[in-house]
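Below is one structure, written out as structure tokens; the observations come after it.
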Amino acid sequence: MGSLPKKNKSLLATTLSYMLLIYILSSISHPPQPAANPYIPVIEHIVEYSILGFLLHALISSTRDYTGARVLILAVLLASLYGLTDEIHQFFVSGRTCSPEDLAADTLGALIGSSLSFLRLNPAPDSLRSSPPP
């Protein structure tokens, strides 16, 4: 981390801290389950990995001189691979399961978060924005 600018070091620390938080939450045996809505865990995975995808995209784009599409693909791939390791980790945690559905939700979340970061860093040119009515 010695050659990274301060902004990038901060973003790297935030991203790694968030990944550690995911790991810690995944280590909780028998987490509380929502009684009323079976879709809440899926939504939780999507939100959790949207944040990770956003952070990874912002980090990669701030440290590498890649094209926008390459950064987007790399961020989604890295977040999805982390999701895979998270699911494998949960296989060994009592009361948790390794679920392909959760991995799919993780990947969808990574795509959403990375796309939001991409749009934030690459706004549409003025010619593509809708002009105000006369």
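Miscellaneous remarks
- Residues located in the range 74-89, provided they are among the charged types (D, E, K, R) and without any contact (Cβ under 8 Å) to a residue 60 or more places away in the chain: 87
- Test: residue in the range 68-80 that is assigned to a helix (DSSP H, G or I) and loosely packed, with under 12 Cβ neighbours inside 10 Å: yes
- Any hit, the range 88-103, residues being within 30 Å of residue 5 (Cα to Cα), buried (at least 17 other Cβ atoms within 10 Å of the Cβ), of a type in the set (D, E, K, R) and touching an Asp or Glu at 6+ places or on another chain (Cβ under 8 Å): no
- Only residues that are in a helix (DSSP H, G or I) and either surrounded by 15 or more Cβ atoms within 10 Å (Cβ to Cβ) or of a type outside the set (A, V, I, L, M, F, W, C) (or both) were counted in the range 31-63, giving 21.
- Some residue of the range 97-114 being in contact with a Leu (Cβ under 7 Å, 6 or more places away or on another chain), in contact (Cβ under 8 Å) with a residue 40 or more places away in the chain and not hydrophobic (A, V, I, L, M, F, W, C): yes
- Residue 20 over 10 Å from residue 110 (Cα atoms), aliphatic (A, V, I, L, M) and surrounded by 12 or more Cβ atoms within 10 Å (Cβ to Cβ): no
Every residue, every condition in (1) within 15 Å of residue 82 (Cα to Cα); (2) assigned to a loop (DSSP other than H, G, I, E, B); (3) at pLDDT 80 or above; (4) not aromatic (Phe, Trp, Tyr), yes or no:
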position: 1; (1), (2), (3), (4): no, yes, no, yes
position: 8; (1), (2), (3), (4): no, no, yes, yes
position: 24; (1), (2), (3), (4): yes, no, yes, yes
position: 29; (1), (2), (3), (4): no, yes, yes, yes
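- Hits in the range 111-134 - residues which are modelled with pLDDT of 85 or more and charged (D, E, K, R): 120
The values are calculated or read from the model by the stated rules, or taken from the named source; none is laboratory data. On a predicted model such as this, the values are computed, not experimentally measured, just so you know. Note: ideal-geometry Cβ built from the backbone for every residue, glycine included; neighbour counts use all protein chains shown.
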